[in-house]
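To start, the structure under review is shown below, and the notes come after it.
The values are calculated or read from the model by the stated rules, or taken from the named source; none is laboratory data. Note that this is a predicted model, so its numbers are computed, not measured. Positions of Cβ are backbone-derived with ideal geometry, glycine not excepted, and every protein chain shown enters the neighbour counts. Note: accessible area is taken over every heavy atom of the protein model, side chains too, but ligands, DNA and RNA are not part of it. Shrake-Rupley method; radii C 1.70, N 1.55, O 1.52, S 1.80 Å.
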Amino acid sequence: MRTTLNQWLLAPAAKPVAFVLGLLPALWLVGAAVLDRLGANPAEALERSTGDWTLRLLCVVLAITPLRTVARLPALARFRRMAGLFVYFYAVLHLLAYAWFDMGFEWGDVARDIAKRPFILVGFTAVVLLTPLALTSFNRAIRALGGKRWQALHRLVYAVAALAVLHFFWMRAGKHNFVEVAVYAAILGALLGWRMFRALRKTELQPSPIVRSQLSKQ
């Protein structure tokens, strides 16, 4: 079963299928906007939906490594870059929806609003941190930076996850509706906790500098 799933994930059609699935929410939102099916407040629906899909895909990105490790599905790694770029795509759409519908693309007003309202500042910071990750997601950038520096840079995604949940929390604070916030926080917390546990376990299993020195002399 595992071998079959790995083979399917490695199939040439797997990536195009994943790309279409990642693009479907945006296509649905465009279609719903054109057909006037976004409800009484289309602007709010677009802002909320693009933000929701950013969080959902962020969960997907952070779930790939645990699933690949626990389920022994190494082929999942080939979808991580695409999923990460879709996170950035929906985050930018979310930011543009706010700048358009709330601010009318008045960039001076946007800058003042970002400085004035903490939850918007937090969301904007998350998009800013995502930008270098998107720009360095290609093989040429990995070679230019070197593996260790590239990995260190892309650990910014953990900060992005925390900022995204905080942004969502502050946005829902006015409505006192924290159910969805708790769900995303639990999912992202579990995914980050798994990484922390693995890192600590790896550190514990490594021999101390004294032991390594003794072993090198043998």
If R₀ is 30 angstrom, what is the calculated FRET efficiency for the pair Ala159 and Asn41, using the beta carbon separation as r and rounding to 0.05? 0.45
Which distance in nm do the two modelled labels at Trp150 and Arg117 give, with both placed 7 Å along the Cα-to-Cβ direction? 3.8
Considering only protein heavy atoms and a 1.4 Å probe, what is the carbon-and-sulfur percentage of the accessible area of the stretch 41-95? 67
Using helices alone, what [θ] at 222 nm do you get for the chain, with -39,500 (n - 2.57) per DSSP H run of 4 or more residues, divided over all residues and rounded to the nearest 500? -26000 deg cm²/dmol
Taking all protein chains as present, what is the carbon and sulfur share of the accessible area of the stretch 113-198, in % to the nearest whole number, probe 1.4 Å? 71
Which value in nm describes the separation of the simple spin-label points at Val30 and Thr136, placed 7 Å from the Cα toward the beta carbon? 3.1
What's the extension gain from Trp8 to Leu192 if we count 0.36 nm per residue and subtract their Cα-Cα distance? 63.5 nm
Give me the accessible area per residue for the stretch 1-115, probe 1.4 Å, as a whole number in Å². 58
